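Novice: This structure is in structure tokens; I'll ask about it shortly.
The values are calculated or read from the model by the stated rules, or taken from the named source; none is laboratory data. Please read all numbers here as calculations on a predicted model, not as lab measurements. In this analysis, Cβ positions are derived from the backbone assuming ideal geometry, glycine residues included, and neighbour counts consider all displayed protein chains.
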Amino acid sequence: MSRSAYQTVALGVLAIFAGCGDDDRPGDVGPLDSGPPTPVSCETDTDCPDTYCNPGSLICCLPADPPFEICGDGIDQNCSRYDGSCGDNDGDGVQACRPGENPIGGVCDCDDERSDVRPPFGDIAGAPEICDRADNDCNGRADESAACCEGCASLGDDRTRADVCTVAGDCVCSTGSGTDPCAEGQTCCGSGCVDIQTDATNCGFCGAVCTGSSDRCVAGNCGCGDGSPCDLNYECLAGVCQTP
């Protein structure tokens, strides 16, 4: 079979699968699923922006969206040019997804070639979304954090009032009301909407807890009474540094 004939057959086969979207599924929320993207024929890698030309089908590699990789299945899901080996190749503490494991929302690493991609495991949170069009926390969504998503653009430079955009595109603080961003002057932390200028358990930034050397948080800084935190081996009691 000639190269052009092989291309035609390959495109025809892929076109059949391209019609398998679920645009009319009842209950869908958010943008409609238009099915797989249209396959792009190629001769060389230069015909495939950001990926490569598959030498067998002469079709540009189409990465999964969001990207993921399952090790040892002989398929290059993320178009990195090879099938990842099983184990913890990127050293982030999470094993690669093996055939039969769900790479989305599970306990395996949906891209074991990148240390900035991992799901939550144990008491450790998933990797933060870093606005790179990748699904950093392996939850099936890319760049949904407030710092990245379009829905939170109206907050301007004050995006710390929210932490995520919902599937519907709404900007919210998920640990607060869950339906809106925090009020002006507040920050969306793990404990909800707080004022990091005065909250002793989130002093200056989320999770910064003032120790026993302080009894208050003022202007984002821990202190004892009207002064600085107490020195080592002293405790702040009733606004005064004292020996415990």
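Novice: Just checking, which of Val209, Val194, Val167 is surrounded by 15 or more Cβ atoms within 10 Å (Cβ to Cβ) and among the aliphatic types (A, V, I, L, M)?
Specialist: Being surrounded by 15 or more Cβ atoms within 10 Å (Cβ to Cβ) and among the aliphatic types (A, V, I, L, M) holds for just one of Val209, Val194, Val167, which is Val194.
Novice: So, in region 49-72, how many residues would count as being within 25 Å of Gly140 (Cα to Cα) and assigned to a loop (DSSP other than H, G, I, E, B)?
Specialist: So the count comes out to 15.
Novice: Could I ask something else about it? Go through region 66-84 residue by residue and tally those that are surrounded by fewer than 14 Cβ atoms within 10 Å (Cβ to Cβ) and touching a residue at least 24 places away in the same chain (Cβ under 8 Å).
Specialist: 1
Novice: Does Ala147 satisfy being modelled with pLDDT of 90 or more, closer than 25 Å to Thr179 by Cα, under 9 Å from the mean Cα position of the chain (by Cα) and assigned to a loop (DSSP other than H, G, I, E, B)?
Specialist: No.
Novice: Filter region 170-191 for residues that are crowded, with 21+ Cβ neighbours inside 10 Å and out of contact with any Leu (no Cβ under 8 Å at 6 or more places or on another chain) and give the result.
Specialist: Listed by number, the residues that qualify are Val172, Cys173, Gly176, Cys182, Thr187, Cys188, Cys189.
Novice: Does Thr201 count as more than 16 Å from Arg159 (Cα to Cα), among the β-branched types (Val, Ile, Thr) and without any contact (Cβ under 8 Å) to a residue 24 or more places away in the chain?
Specialist: It is true that Thr201 is more than 16 Å from Arg159 (Cα to Cα), among the β-branched types (Val, Ile, Thr) and without any contact (Cβ under 8 Å) to a residue 24 or more places away in the chain.
Novice: Any residue at all in region 211-231 that's part of a loop (DSSP other than H, G, I, E, B) and closer than 30 Å to Arg141 by Cβ?
Specialist: For region 211-231, residues part of a loop (DSSP other than H, G, I, E, B) and closer than 30 Å to Arg141 by Cβ: absent.
Novice: Within region 117-130, can one find any residue that is within 18 Å of Gln77 (Cβ to Cβ), surrounded by 15 or more Cβ atoms within 10 Å (Cβ to Cβ) and either in contact with a strand residue (DSSP E or B) (Cβ under 6 Å, 6 or more places away or on another chain) or free of Cβ contacts under 8 Å to residues at least 12 places away in the same chain (or both)?
Specialist: Scanning region 117-130, I find at least one residue that is within 18 Å of Gln77 (Cβ to Cβ), surrounded by 15 or more Cβ atoms within 10 Å (Cβ to Cβ) and either in contact with a strand residue (DSSP E or B) (Cβ under 6 Å, 6 or more places away or on another chain) or free of Cβ contacts under 8 Å to residues at least 12 places away in the same chain (or both), so the answer is yes.
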